[in-house]
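What follows is a single structure, written as structure tokens, with notes after it.
The values are calculated or read from the model by the stated rules, or taken from the named source; none is laboratory data. On a predicted model such as this, the values are computed, not experimentally measured, just so you know. Note: ideal-geometry Cβ built from the backbone for every residue, glycine included; neighbour counts use all protein chains shown. Remember, those area values only see protein heavy atoms, side chains included, never the ligands or the DNA or RNA. Shrake-Rupley method; radii C 1.70, N 1.55, O 1.52, S 1.80 Å.
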Amino acid sequence: MKILSGKIALVTGGSRGIGKTISKTLAEAGATVIVNYANNSNHANETVAAIQEAGGKAFAIQADITNEVMVKELIQDSEEQCGGTIDILVNNATGPQPELSIEDSTWKDYLDQLDFFVKAPLLLTKAVLSGMKQKQEGRIINIGSEVIQLGNSNFSSYVTAKSSQLGMTRSWASELGPYGITVNLINPGFVPVERHAGIDPSGYAETVPLRRVGVPQDIASAVLFLSSSESSFISGQSLSVNGGNTFGI
Ligand SMILES: NC(=O)c1ccc[n+]([C@@H]2O[C@H](COP(=O)([O-])OP(=O)(O)OC[C@H]3O[C@@H](n4cnc5c(N)ncnc54)[C@H](OP(=O)(O)O)[C@@H]3O)[C@@H](O)[C@H]2O)c1
């Protein structure tokens, strides 16, 4: 029996980048995976096909996770397709991350990032909570970033929204612990994915104690551990997965 057999996982932005590897890894471990995406059905269908070819179970469902109505529909559709409620929620999706000086940033730029990293996890968590509370078990995993410890000039809107996830994670962990629901934050370092094509990561890698950039599997393996019963006494934690570039706060 696989470690996530019988579990249902929803991975937001699960169609490409880090989310794609998270989706495949949870499916390999036996979970039925909802691969959420917003715009590109080809990537989502490719990810689902790869999971099915490997003997796993997955469905692609389109939804803008910053939209309250669509989030409700996403959860309803997921539960109908899978025949049960969500056990594992991975808040992974990201929209554009604009490079802007403070002078060029507007409040709207900050709100756009908060929409992805605070509003969307809130809407999704609210929508899955009753099922998790009934089961007295659940896993909520927020994907943050090492920039909450390092800062990043010209990306302050992104860093501010990612930083909010730390207090949010700890408060949710505190509130949901009595229901057997764990909430944790994973902070990746630089993990080149499709959208980074053409960027030379070697300069960044030299600054990392383990002297390499991340690969999506580094993050997916941490998600797998935090999804499993092996981590049942770990909640409210901030885990840096970045080759020792920073230490957790
Ligand atoms: N890669 C890194 O170096 C790195 C470093 C630190 C932290 N992170 C964090 O890791 C997570 C994944 O990053 P990534 O680089 O793998 O991202 P990515 O490759 O850009 O993928 C983004 C995913 O989010 C989906 N998406 C975009 N807008 C959406 C919306 N409104 N509703 C639902 N889904 C939406 C995309 O679907 P469509 O293609 O259909 O639009 C896609 O599946 C993010 O939270 C990011 O901040 C990444």
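One line per residue, one yes/no per condition, for (1) assigned to a helix (DSSP H, G or I); (2) closer than 22 Å to G131 by Cβ:
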site: S157; (1), (2): yes, no
site: G167; (1), (2): yes, no
site: E175; (1), (2): yes, yes
site: V191; (1), (2): no, no
site: R212; (1), (2): no, no
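For region 191-207, does any single residue satisfy the condition of being farther than 22 Å from K20 by Cα, out of contact with any helix residue (DSSP H, G or I) (no Cβ under 9 Å at 6 or more places or on another chain) and surrounded by 15 or more Cβ atoms within 10 Å (Cβ to Cβ)? Checked against the condition, which is being farther than 22 Å from K20 by Cα, out of contact with any helix residue (DSSP H, G or I) (no Cβ under 9 Å at 6 or more places or on another chain) and surrounded by 15 or more Cβ atoms within 10 Å (Cβ to Cβ), region 191-207 yields at least one hit. Filtered by the rule that a residue be closer than 23 Å to S202 by Cα, surrounded by fewer than 22 Cβ atoms within 10 Å (Cβ to Cβ) and touching a strand residue (DSSP E or B) at 6+ places or on another chain (Cβ under 6 Å), region 212-235 gives a lone residue, D218. Filter region 44-63 down to the residues that are open to solvent by 60 Å² or more (accessible area, probe 1.4 Å) and within 14 Å of the ligand (Cβ to nearest atom), then identify the one that is nearest to R139 (Cα to Cα). Filtering region 44-63 for residues that are open to solvent by 60 Å² or more (accessible area, probe 1.4 Å) and within 14 Å of the ligand (Cβ to nearest atom), the one nearest to R139 (Cα to Cα) comes out as Q62. Residues that are within 16 Å of the ligand (Cβ to nearest atom) and over 21 Å from the mean Cα position of the chain (by Cα) within region 69-99 comprise just one, E99. Would you confirm whether any residue within region 138-145 is more than 15 Å from the ligand (Cβ to nearest atom), closer than 16 Å to L10 by Cα, in contact with a Leu (Cβ under 8 Å, 6 or more places away or on another chain) and at pLDDT 95 or above? Yes: region 138-145 contains one or more residues that are more than 15 Å from the ligand (Cβ to nearest atom), closer than 16 Å to L10 by Cα, in contact with a Leu (Cβ under 8 Å, 6 or more places away or on another chain) and at pLDDT 95 or above.
Quick grid of which residues meet (1) open to solvent by 40 Å² or more (accessible area, probe 1.4 Å); (2) without any contact (Cβ under 8 Å) to a residue 60 or more places away in the chain:
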| residue | (1), (2) |
| --- | --- |
| L4 | no, no |
| I18 | no, no |
| I22 | no, no |
| V71 | no, yes |
| D87 | no, no |
| E103 | yes, yes |
